[in-house]
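Asker: Got a structure for you, questions after.
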Amino acid sequence: MTDTAVKLSDAAIRRRMVADFWYHFRQNRGAVAGLVVFILLVFAAVFAPVIAPHDPTMQYRDALLVPPVWQEGGRSAYLLGTDAVGRDMLSRLIYGAQYSLFIGIVVVSIAVVGGILIGTLAGFFGGWVDTVIMRVMDVVLAFPSLLLALVLVAVLGPGLLNAMIAIAIVYQPHFARLTRAAVMGEKAREYVTAARVAGAGNLRLMFKTILPNCLAPLIVQATLSFSSAILDAAALGFLGMGAQPPASEWGTMLAEAREFILRAWWVVTFPGLAILISVLAINLMGDGLRDALDPKLKKG
């Protein structure tokens with residue numbers, strides 16, 4: 001078979017795999033709905049300067065705690081009302097999507113890279129290497145995740161960057177254990193033995209031969225960790241240890257609105273709904289990915 005024919009065959013296989021994945025993914029209607037919401041979240045984050053009606057930090061002193069437009073006293077210039085210092089709620093919610101996506105991407109990237117490296121080493125070499133790495137991961141997992149993140153942020157100092165680093169460290173053990181289990185299951189297979197006999201070194205065996213066949217559960221875990229990262233970052237922001245005012249991060253918006261919860265319901269409700277809807281949508285996507293990537297869960 002010629003090289004051209006081989007490339008065409010590989011392309012056809014990839015197209016078939018993508019089509020099969022999409023077929024099984026769209027069987028889960030909740031996952032499709034979650035994907036639509038996530039796409040809207042990305043759209044809002046990317047085009048926030050275009051679609052936001054106001055600057056998120058601009059304070060309109062003549063419009064303090066203006067209610068939403070459908071409530072008595074509302075103004076058409078502020079569709080979802082304003083906060084205690086006159087900032088437009090809708091604009092701050094739209095710009096808050098940027099923080100959520102940024103937090104999810106950074107946290108998951110750090111946790112995935114670190115967890116895969118650690119888990120691959122532990123699963124491939126075994127012995128004392130596996131024992132030492134897994135005991136350290138067990139110690140990290142012994143602490144409640146939010147409590148450990150709070151301790152790390154207290155050590156590093158309040159701020160969004162330090163909060164993301166802390167959350168990523170907390171999430172690394174999940175990826176490390178998942179990678180270790182997958183690598184241990186794959187390294188005894190015949191194709192790995194054949195590659196070893198053919199002269200492949202340890203690095204090639206780990207990252208070129210074994211790891212690509214362990215990615216399906218890691219992709220699902222990364223999706224679910226994305227939503228958890230948004231939730232934990234919002235919690236740290238609410239406690240004053242994450243993003244700092246005047247940032248329009250949703251958890252920080254909730255923290256700023258605590259004292260107005262009884263007389264200005266919108267300053268608390270809308271950021272809370274944004275967090276709820278975003279996390280729910282990403283979790284639904286994760287369920288769909290699990291169904292589509294796990295052969296045992298595929299229907300039809």
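Asker: Would you please put 63-71, 190-198 in order of how densely packed they are, using the mean number of other Cβ atoms within 10 angstrom per residue and starting with the highest?
Answerer: Sorting 63-71, 190-198 by mean packing, highest first, produces 63-71, 190-198.
Asker: Of the residues ARG15, ARG61, ARG290, which exhibits the maximal mean-square fluctuation in a Gaussian network model of the chain defined by a 10 Å Cα contact cut-off?
Answerer: ARG15
Asker: Let me ask something else about it. Would you be so kind as to identify all helices of the chain, as entire DSSP H runs, whose Cα atoms reach 27 Å or more along the helix's own axis and whose mean Kyte-Doolittle hydropathy is at least -0.5?
Answerer: Counting only whole DSSP H runs, the qualifying helices are 3-25, 89-125, 160-186, 215-238, 266-293.
Asker: Dividing the alpha-carbon radius of gyration of segment 109-210 by 2.2 N^0.38 Å (N being the number of residues), what value is obtained?
Answerer: Rg over 2.2 N^0.38 Å, computed on Cα atoms: 1.27.
Asker: Here's another thing I want to ask about it. Treating the beta-carbon of each Lys and Arg as +1 and of each Asp and Glu as -1, no other charges, what is the dipole magnitude of segment 33-188 about its Cα centre, to the nearest 20 debye?
Answerer: That gives segment 33-188 a dipole magnitude of about 260 debye.
Asker: Under a Cβ-Cβ cut-off of 14 Å, what is the net charge of the residues other than GLN172 that fall near it, where Lys and Arg count +1 and Asp and Glu count -1?
Answerer: It works out to a net charge of 0.
Asker: Taking the Cα centroid of segment 41-118 and of segment 229-261, what is the distance between the two, rounded to the nearest whole Å?
Answerer: Cα centroid of segment 41-118 versus Cα centroid of segment 229-261: 12 Å apart.
Asker: Find out how many positive minus negative residues lie around PHE124, taking Lys and Arg as positive, Asp and Glu as negative, among other residues whose Cβ is under 11 Å from that of PHE124.
Answerer: The answer is 0.
Asker: For ALA84 and ASP55 in the same chain, what is the full-extension length gain: residue separation times 0.36 nm, less their Cα-Cα distance, in nm?
Answerer: Extra length available between ALA84 and ASP55 comes to 8.9 nm.
Asker: What net charge is computed for the residues neighbouring MET184, neighbours being all others with C-beta under 13 Å from the C-beta of MET184, Lys and Arg scored +1, Asp and Glu -1?
Answerer: That sum, taken over residues with Cβ under 13 Å, equals +2.
Asker: Counting helices only, and only those DSSP H runs with n ≥ 4, report the 222 nm mean residue ellipticity of the chain as the sum of -39,500 (n - 2.57) divided by its residues, in deg cm²/dmol to the nearest 500.
Answerer: It comes out at -23000 deg cm²/dmol, rounded to the nearest 500.
Asker: Okay, next question. Taking the Cα-to-Cβ direction at LEU276 and at ARG135 and moving 7 Å from each Cα, how far apart do the two end points lie in nm?
Answerer: 4.6
Asker: Here is a follow-up. Beta carbons within 10 angstrom, averaged per residue: use that to sort the peptides 38-44, 279-285, 136-142, highest first.
Answerer: Highest mean packing first, the order is 279-285, 38-44, 136-142.
Asker: Further, regarding this structure: Which of (i) -0.57, -0.69, -1.11; (ii) -0.68, -0.79, -1.09; (iii) -0.51, -0.62, -1.02 is the computed log10 I(q)/I(0) by the Debye sum over Cα atoms at q = 0.10, 0.11, 0.14 Å⁻¹ for the structure on display?
Answerer: Looking at log10 I(q)/I(0) by the Debye sum over Cα atoms at q = 0.10, 0.11, 0.14 Å⁻¹ for this model, the match is (ii).
Asker: Defining a contact as two alpha carbons under 8 Å apart and six or more residues distant in sequence, what relative contact order in percent does segment 1-127 show?
Answerer: 19
Asker: Normalising by the residue count of the chain, find the relative contact order in percent from Cα pairs under 8 Å and 6+ residues apart.
Answerer: 24
Asker: I've got another one for you. Take the Cβ-Cβ distance between LEU146 and ILE261 as r, set R0 to 22 Å, and report the resulting FRET efficiency rounded to the nearest 0.05.
Answerer: Given R0 = 22 Å and the Cβ-Cβ separation, E is 0.50.
Values in this text are rule-based calculations from the coordinates and carry no lab data. Everything numeric in this text was worked out from a predicted model, so none of it was measured. Don't worry about glycine lacking a Cβ; one is built from the backbone with ideal geometry, like all the others, and counts go over all protein chains shown.
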